[in-house]
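In what follows, a single structure is set out as structure tokens and then discussed.
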Amino acid sequence: METHNITIVGGSGIVGREFLKILDEQNIPVGKIRILATRRSAGTEIFFRDQKIIVEETNPEIFN
């Protein structure tokens with residue numbers, strides 16, 4: 001089955017968490033997932049499908 005690598009910018013907020021919920025409810029096949037947010041939220045742990053994801057700080061280098 002083909003999986004999708006996903007990066008969510010602003011993933012620690014309400015919209016980002018709702019996006020994760022929809023991915024799960026729709027059973028979207030996810031490979032690697034990254035969650036980006038502000039420096040304040042960086043290091044926060046978010047769980048998605050029994051996987052712990054550490055929120056990363058958004059910065060320009062991430063997109064290179």
I need the phi-derived Karplus couplings for the stretch 36-51: 6.51 cos²θ - 1.76 cosθ + 1.60, θ = phi - 60°, integer Hz, Gly and Pro marked x. 10, 7, 6, 4, 4, 8, 4, x, 5, 9, 10, 9, 9, 6, 6, 10
Highest to lowest packing among 3-9, 45-51, scored as the average C-beta count within 10 Å: 3-9, 45-51
Enumerate the calculated ³J(HN,Hα) couplings along the stretch 23-28 in order (Karplus 6.51 cos²θ - 1.76 cosθ + 1.60, θ = phi - 60°), each rounded to whole Hz, writing x wherever the residue is Gly or Pro. 4, 6, 4, 8, 6, 5
Farthest toward the dipole's positive end in the chain, which of 3, 26, 58, given Cβ charges of +1 (Lys, Arg) and -1 (Asp, Glu) about the Cα centre? 58
Please list, ordered by chain and number, the residues whose modelled amide H lies under 5 Å from the amide H of residue 34; skip anything fewer than 5 residues away on the same chain. 6, 7, 8
Pairs of Cα atoms under 8 Å, at least six residues apart: use those to get the relative contact order of the chain, whole percent. 33 percent
All other residues with a Cβ under 14 Å from the Cβ of residue 63 taken together, and with Lys, Arg as +1 and Asp, Glu as -1, what is their net charge? -2
Vicinal HN-Hα couplings computed from phi for the stretch 3-19 (Karplus, 6.51 cos²θ - 1.76 cosθ + 1.60; Hz; Gly/Pro x): 10, 10, 8, 10, 10, 10, 8, x, x, 8, x, 4, 5, x, 5, 5, 4
Using amide H atoms built 1.01 Å from N in the peptide plane, name the residues 5+ places from residue 53, or on other chains, whose amide H lies under 5 Å from its own. 46, 47, 48
Based on Cβ point charges of +1 for Lys and Arg and -1 for Asp and Glu, what charge dipole magnitude is obtained for the chain about its Cα centre, in debye rounded to the nearest 20? 140 debye
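Every number in this text was worked out from the coordinates using simple rules, so none of it is lab data. Since the model is a prediction, treat every value here as computed from it, not as a measurement. Here the Cβ is made from the backbone with ideal geometry for all residues, glycine too, and neighbour counts use every protein chain on show.
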